[in-house]
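Novice: Pasting in a structure now, in structure tokens, and then I'll have a few things to ask.
The values are calculated or read from the model by the stated rules, or taken from the named source; none is laboratory data. Here the structure is a predicted model, which is why all the values come from computation and not from measurement. Heads up, the Cβs are rebuilt from the backbone with ideal geometry, glycines too, and the neighbour counts pull from every protein chain shown. Only protein heavy atoms, including side chains, enter the accessible area calculation; ligands, DNA and RNA are left aside. Shrake-Rupley method; radii C 1.70, N 1.55, O 1.52, S 1.80 Å.
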Amino acid sequence: MRFLCTNDDGILAHGLECLVRAAEQIGEVTVVAPDREQSATSHSLTLHHPLRPVRRGEHRYQVDGTPTDCVMLAVESLMDARPDFVLSGVNHGQNMGEDVLYSGTVSAAMEGLALGIPSIALSFAGGDLRADIAKLDEQVEFLVPLLRHLTSLPAFPAGTLLNVNLPPVRGDEIKGIRLTRLGRRVYSNSIQPMKDPWGRKIFWIGGGEISWTGSGDSDFQAIRDGYVSVTPLHLDLTHRDMLDAAERWWRAP
Ligand code: MN
């Protein structure tokens, strides 16, 4: 089994190290990851300057680009052979509900999928990783059988990526795995007005309160209950029900 591991928190991130430690117990790992924090860069691609991969050891490269750049570069140029799976993460923080639209972690898995490679995004739903870091470490032993299971499904669903969120608990406190759907996230007070050092008004997106709505089978409910959440995602944003309803838009009035 050949894995491409990447992330959006940068090549030095502890979550990536945990993912690599787990994946190495199952197969051969190549790491191609951004050289710096790229969280919330979504599916952006670097078109206006070149990319310069720097080799950081055997099968390990840092790239001055986005998670999407990393996957594209790895698959098309840096790896000797195509990976069997793209694994992205483990992200420092949850990627649930609408988070998946902003997430570089999930977008790296989307890029893998777009290239025809089964892909899994993994995120640790702990609030403050410095406080929770020991818990993520203890989840590595849980990640091994989880990854082994997900990558040995007889037919990994075609055209689908799996979005995995890990609850902020110790590995032996995980209650189990739930198949989920995306919940809805509600942010309030998430834009902070501030002053720059020269007294001019600036705004910083972040902080605030996050609350969730959604059904009992949503990703956030699984995490709240102490379960691993696995949400199958696809890239086709077509609103199928609306397609039928929209038929009448074209009828003569
Ligand atoms: Mn991140």
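Novice: Seen from all sides and averaged, what is the projected area of the convex hull of the Cα atoms in region 96-234, in nm²?
Specialist: Working: hull surface 41.0 nm².
Result: 10.2 nm².
Novice: Taking the Cα centre of the chain as origin, sum charge times position over the Cβ atoms of Lys and Arg (+1) and Asp and Glu (-1), and report the length of that vector in debye to the nearest 20.
Specialist: Taking the Cα centre of the chain as origin, the dipole is about 460 debye.
Novice: Using a 1.4 Å probe and ignoring any ligands, DNA or RNA, find the accessible area of W249 and quote it in Å² to the nearest 10.
Specialist: 150
Novice: Percentage of Cα-Cα pair distances in region 159-198 greater than 17 Å, rounded to whole percent?
Specialist: Working: 488 of 780 pairs.
Tail fraction, whole percent: 63.
Novice: Continuing with this model, one more query. State the percentage of accessible surface on region 105-152 attributable to carbon and sulfur atoms; use a 1.4 Å probe and exclude ligands, DNA and RNA.
Specialist: Numbers: 940 of 1680 Å².
Carbon and sulfur: 56 percent of the exposed surface of region 105-152.
Novice: Which of the aspartates and glutamates could a cross-linker bridge to K135, judged by Cα under 17 Å and excluding same-chain residues fewer than eight apart?
Specialist: Output for K135: E17, D172, E173, D225.
Novice: Heavy atoms only, probe 1.4 angstrom, no DNA, RNA or ligands counted: give me K135, K201 ranked by accessible area, highest first. Working shown, then result.
Specialist: On the way: K135 60, K201 140 Å².
Putting K135, K201 in descending order of accessible area: K201, K135.
Novice: If you don't mind, another one. Within a Cβ distance under 11 Å of V100, other residues only, what is the Lys/Arg minus Asp/Glu net charge? Please report the intermediate quantities before stating the final value.
Specialist: Numbers: positive: R185; negative: E98, D99, D219.
That works out to -2.
Novice: At most 10 other Cβ atoms within 10 Å and a DSSP loop assignment: could you name the GluC sites (Glu not before Pro) in region 52-141 that fit?
Specialist: Numbers: sites: E58, E76, E98, E111, E138, E141; in loops: E58, E98.
Taking region 52-141 and a limit of 10 other Cβ atoms within 10 Å, the loop GluC sites (Glu not before Pro) found are E58.
Novice: Extension gain E173-E58, at 0.36 nm per residue separation less the Cα-Cα distance, in nm?
Specialist: Numbers: separation 115, 0.36 × 115 = 41.40 nm, distance 3.48 nm.
Difference between extended and current length: 37.9 nm.
Novice: Then there is this: What does the charge count around E141 come to, taking other residues whose C-beta lies under 11 Å from its C-beta (Lys +1, Arg +1, Asp -1, Glu -1)?
Specialist: On the way: positive: R21, R170; negative: D137, E138, D172.
Residues near E141 contribute -1 overall.
Novice: Still on this structure, please answer the following. Only bridges whose two residues both fall in the chain count here: according to DSSP, what percent of them are antiparallel, nearest 5? Don't skip to the answer; put the middle values down first.
Specialist: Numbers: 17 of 44 bridges.
Looking only at bridges with both residues in the chain, the antiparallel portion is about 40 percent.
Novice: Shifting gears a bit: Could you size up the charge dipole of region 1-104 around its Cα centre, putting +1 on the beta carbon of Lys and Arg and -1 on that of Asp and Glu, and report it in debye to the nearest 20?
Specialist: Values: 8 positive and 15 negative charges, 51 e Å.
It works out to roughly 240 debye.
Novice: Quick one: ranking R178, R148, R170, R224 by accessible area, 1.4 Å probe, largest first, what do you get?
Specialist: Numbers: R178 75, R148 115, R170 95, R224 150 Å².
Largest to smallest exposure gives the sequence R224, R148, R170, R178.
Novice: Which value, in debye to the nearest 20, describes the size of the charge dipole of region 107-253 about its Cα centre when Lys and Arg Cβ atoms bear +1, Asp and Glu Cβ atoms bear -1, and nothing else is charged? Before the final figure, lay out the partial values.
Specialist: Working: 16 positive and 17 negative charges, 99 e Å.
Magnitude of the dipole: close to 480 debye.
Novice: So for region 1-137: antiparallel DSSP bridges make up what percent, rounded to the nearest 5? Intermediate values should be presented prior to the final figure.
Specialist: Working: 2 of 19 bridges.
Antiparallel bridges: around 10 percent, rounded to the nearest 5.
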